[in-house]
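Please read the structure below before turning to the comments.
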Amino acid sequence: MLIGAGAPRTLAIAARYADIWNCATPDGDLDSMTTILRARVDRFTAACEDCGRDPATVRRSLLLWSADADPWAAKGAFERLIERFSPLGFSDFIALMPLPERTEVLDHFTDTVLRKRSAAW
């Protein structure tokens, strides 16, 4: 079960019951996003520990939501976002479909990146 959570009460619910915890990228540049997400991960880890659950037993999912975390901005953008946020423990990444004028970036991602990395993921 995937549970999106950020506030203390929902974090406690996710910590207790979720198979996957999800949150979204905040607004701001990538450095400030990383700082904010690190704090969210720390709060989620603490919520897991508070209910006696090993935080490593919950997968972490990230919705790439803000404009500065647009995975379709250019070829390689999705990979760079994965490389940036994976060290925080995120293993699952969610992106909205690109605008029609950016489908070439989607094609590049599916044709090259996913094929190359699917074995590693």
At 1.567 mPa s and 4 °C, plugging the Kirkwood radius over alpha-carbon pairs of the chain into Stokes-Einstein gives what diffusion coefficient in µm²/s?
86
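Over the range 20-77, what number does the Rg to Rh ratio reach, with both radii from the alpha-carbon atoms and Rh per Kirkwood? Walk me through the numbers on the way to the answer.
On the way: Rg = 13.3 Å, Rh = 12.6 Å.
Taking Rh as the inverse mean 1/r over Cα pairs, Rg/Rh reads 1.06.
Taking Rh as the Kirkwood radius computed over C-alpha pairs, what is the Stokes-Einstein D of the range 54-121 at 4 °C in a medium of viscosity 1.567 mPa s, expressed in µm² per second? Could the numbers behind the result be given before it?
Details: Rh = 12.8 Å.
My calculation gives 101 µm²/s for D.
Counting other beta carbons within 10 Å of each Cβ, put 54, 42 in order, fewest first. Write out the running numbers ahead of the final one.
Details: 54 9, 42 12.
Least to most surrounded, the residues fall as 54, 42.
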Just flag the trypsin sites (Lys or Arg not before Pro) in the range 34-118 sitting in loop per DSSP whose Cβ has no more than 16 other Cβ atoms within 10 Å.
53, 75
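Treat the count of other C-beta atoms within 10 Å as a stand-in for reagent exposure and order 41, 58 from fewest to most. It would help to have the intermediate numbers written out before the result.
Working: 41 19, 58 22.
Neighbour counts put them in this order, fewest first: 41, 58.
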Quick check on the exposure proxy: order 90, 44 from fewest to most C-beta atoms within 10 angstrom.
90, 44
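Throughout, read-outs are computed from the coordinates displayed, never taken from laboratory work. Fair warning: this is a prediction, and the values are worked out from it, not measured in the lab. As a convention, Cβ positions derive from the backbone with ideal geometry for all residues, glycine included, and neighbour counts pool all protein chains shown.
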